[in-house]
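*Asks:* To start, I am sharing the structure in question, which I have written as structure tokens.
The values are calculated or read from the model by the stated rules, or taken from the named source; none is laboratory data. Keep in mind that what you see is a predicted model, and the values were worked out from it rather than measured. Cβ: placed from backbone, ideal geometry, glycine included. Neighbour counts: every protein chain shown.
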Amino acid sequence: MTSDKFNRILLAIDDTPCSQNAINYAKEIVKDLKPSFALVTVVPPTSPSSYGVDPLLGQQPIIVPEVSEIQQRASQEFLDRLATEFTSAKETFTFSRVGDVRDEILQVSQEWTADLIIVGTNGRTGFDHFLSGSVSEALIRKSKCPVLVIPLNCD
């Protein structure tokens with residue numbers, strides 16, 4: 001890799017232990033290239049809760065805003081902690097988004113004008129892949145910049 005090609009590197013990450021492989025790989029790249037660096041994590045929208053709701057009485061499932069706020073705050077705290085580990089980057093940014101994981105990562109990469117996206121993959125195949133979809137596959141197909149996919153090996 002040449003340092004003049006990748007000046008803005010985006011790491012798409014979540015706060016699961018499986019992500020450590022992608023984090024470690026990104027640290028090595030950042031140490032070598034010293035780019036502007038950004039971390040993005042996406043919290044899926046909070047699903048309505050039907051606990052205690054009786055549809056026969058016309059009651060609708062509700063969304064508890066506090067749950068969403070707690071998830072967003074935890075997501076931002078995770079990113080802030082992780083950002084301190086990338087000391088060799090020229091500068092570090094964090095993006096905590098709520099929405100569809102694929103769409104939000106692509107949007108951040110375009111808004112921030114990333115030169116490279118680093119993302120992990122869980123390596124699911126068959127029916128698991130069909131059910132969960134593949135974030136890395138969608139990024140590869142739709143991204144305007146190169147995507148580096150790191151196997152997470154978390155079985």
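Conditions tested, residue by residue: (1) loosely packed, with under 14 Cβ neighbours inside 10 Å; (2) at pLDDT 90 or above.
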{"residue": "Leu57", "(1), (2)": "yes, no"}
{"residue": "Pro61", "(1), (2)": "yes, no"}
{"residue": "Gln76", "(1), (2)": "no, yes"}
{"residue": "Phe86", "(1), (2)": "no, yes"}
{"residue": "Gln107", "(1), (2)": "no, yes"}
{"residue": "Ala114", "(1), (2)": "no, yes"}
{"residue": "Gly120", "(1), (2)": "no, no"}
{"residue": "Gly123", "(1), (2)": "no, no"}
{"residue": "Leu148", "(1), (2)": "no, yes"}
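*Asks:* Name every residue in the stretch 89-109 that is part of a helix (DSSP H, G or I) and either free of Cβ contacts under 8 Å to residues at least 24 places away in the same chain or at positive phi (or both), in order of residue number.
*Replies:* Asp103, Gln107
*Asks:* Identify the residue in the stretch 1-46 that is exposed (fewer than 14 other Cβ atoms within 10 Å of the Cβ) and β-branched (Val, Ile, Thr) and, among all such residues, is modelled with the lowest pLDDT.
*Replies:* Within the stretch 1-46, the match that is modelled with the lowest pLDDT is Thr2.
*Asks:* Please go through the stretch 75-88 and pick out each residue that is under 18 Å from Gln20 (Cβ atoms) and part of a helix (DSSP H, G or I).
*Replies:* Ser75, Glu77, Phe78, Leu79, Asp80, Arg81, Leu82, Ala83
*Asks:* Among the residues of the stretch 63-74, how many are at pLDDT 85 or above and either in contact with a Phe, Trp or Tyr (Cβ under 7 Å, 6 or more places away or on another chain) or polar (S, T, N, Q) (or both)?
*Replies:* The total comes to 2.
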